[in-house]
Amino acid sequence: MRQAIGAAMARSKREIPHYYLGTEIDLSAALGWLARANEGRPVTERLLPVVLLLKAAALGAREVPEVNGYYVDGAFRPSEAVHLGVAISLRRGGLVAPALHDVAEKGLGDLMKELNDLVARTRGGGLRSSELSDATLTVTSLGDLGVGTVYGVIYPPQVALVGFGRVQERPWAVGGIIGVRPIVSATLAGDHRVSDGIRGAQFLAAVERRLQAPEAL
C-alpha cells in the first residue's frame, strides 16, 4: 500500500506543476441550517458537515470545469459529471480515495447515505472497480483529526485536489463587529497545465458562495 501511494505521489510531483491556493470560510449559515435540518431526522439519518462541503465542492467544480477531469496524452479531458474521490484512511494503514458518483446531482440525504456506505465498504474491502477509477476530483478532509489546514498532492491523471481542515471557532469581523464564528480552511491544489490561480480562486469563491446558501445545496 505504501509503495503504491508513494509511486503515485512521486509521479504527481514529478509530472504535475502544482499551484496552491487557500481561503477561510465562515460556516455560520451552513451549520445553523444543518442543525435545523437535522431536528426532524432520526439520529441514524442526520447529516454531517462534511456532506455540505462535498456538495459545495461538486457544485463549484461544475462552475469551474478546469478542476474536474483528467490530463491524458498531453491534453486535458474535462468531465461533465463530478465524481468526487473521497480520501478514506484504512484501519491497518494506508489511504484510498474511492469515488462518490454524480455528487452535483444528488440531494444531501442521499449523499450522506452513500458516503456512509462507501466508508464502510472501503474499510471492509468491498469496493467496486469503478469506485477506484472513476474519480474526477479528489476531496480530503482531516478535520476530525484536528488538522487545521490540508495541502494536498494531486492524484494523477486528475488535475486538482480540494482540502478541508477542521472547523474552528475564531474571532471574525462581520459588518465591522467582531464575534466568534465557526471557520473552516479550504485549499486547492491545481495543475498549472490546465488552470491557473484566477480559475482556482474562482473555484474556491464558488465553494464559499454555495456554503453561504446551504438551503440551495
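The values are calculated or read from the model by the stated rules, or taken from the named source; none is laboratory data. Predicted, not measured: the structure shown is a model, and the values here were computed from it. Don't worry about glycine lacking a Cβ; one is built from the backbone with ideal geometry, like all the others, and counts go over all protein chains shown. Quick note on the areas: whole protein, heavy atoms, side chains included, nothing else; ligands and nucleic acids left out. Shrake-Rupley method; radii C 1.70, N 1.55, O 1.52, S 1.80 Å.
Hey, can you tell me all the residues within segment 71-100 that are over 21 Å from Ala206 (Cβ atoms) and not aliphatic (A, V, I, L, M)?
Scanning segment 71-100 gives Tyr71, Asp73, Gly74, Arg77, Ser89, Arg91, Arg92, Gly93, Gly94, Pro98.
Kindly check whether there is at least one residue in segment 179-192 that is of a type outside the set (D, E, K, R), part of a loop (DSSP other than H, G, I, E, B) and out of contact with any Pro (no Cβ under 8 Å at 6 or more places or on another chain).
no
Return the pair list, or none, for Cβ contacts closer than 7 Å from residues in segment 1-16 that are touching a residue at least 40 places away in the same chain (Cβ under 8 Å) to residues that are of a type in the set (D, E, K, R), at least 6 apart or on different chains.
Qualifying pairs under 7 Å: Ile16/Asp191.
Can you list residue pairs whose Cβ atoms sit under 8 Å apart, with the first residue in segment 114-135 being under 24 Å from Ala61 (Cα atoms) and assigned to a helix (DSSP H, G or I) and the second being open to solvent by less than 70 Å² (accessible area, probe 1.4 Å) and charged (D, E, K, R)? Count only pairs 6 or more apart in sequence or on different chains.
Glu114/Lys106; Leu118/Glu131
Within segment 192-209, is even one residue open to solvent by 70 Å² or more (accessible area, probe 1.4 Å), modelled with pLDDT of 95 or more and closer than 18 Å to Leu52 by Cα?
Within segment 192-209, one or more residues are open to solvent by 70 Å² or more (accessible area, probe 1.4 Å), modelled with pLDDT of 95 or more and closer than 18 Å to Leu52 by Cα.
Within segment 14-61, which residues are surrounded by fewer than 17 Cβ atoms within 10 Å (Cβ to Cβ) and of a type in the set (Lys, Arg)?
The answer is Arg14, Arg36, Arg41, Arg46.
Would you mind telling me which numbered condition in (1) under 22 Å from Ala29 (Cβ atoms); (2) open to solvent by 40 Å² or more (accessible area, probe 1.4 Å); (3) touching a Gly at 6+ places or on another chain (Cβ under 6 Å) Asp144 fails?
(3)
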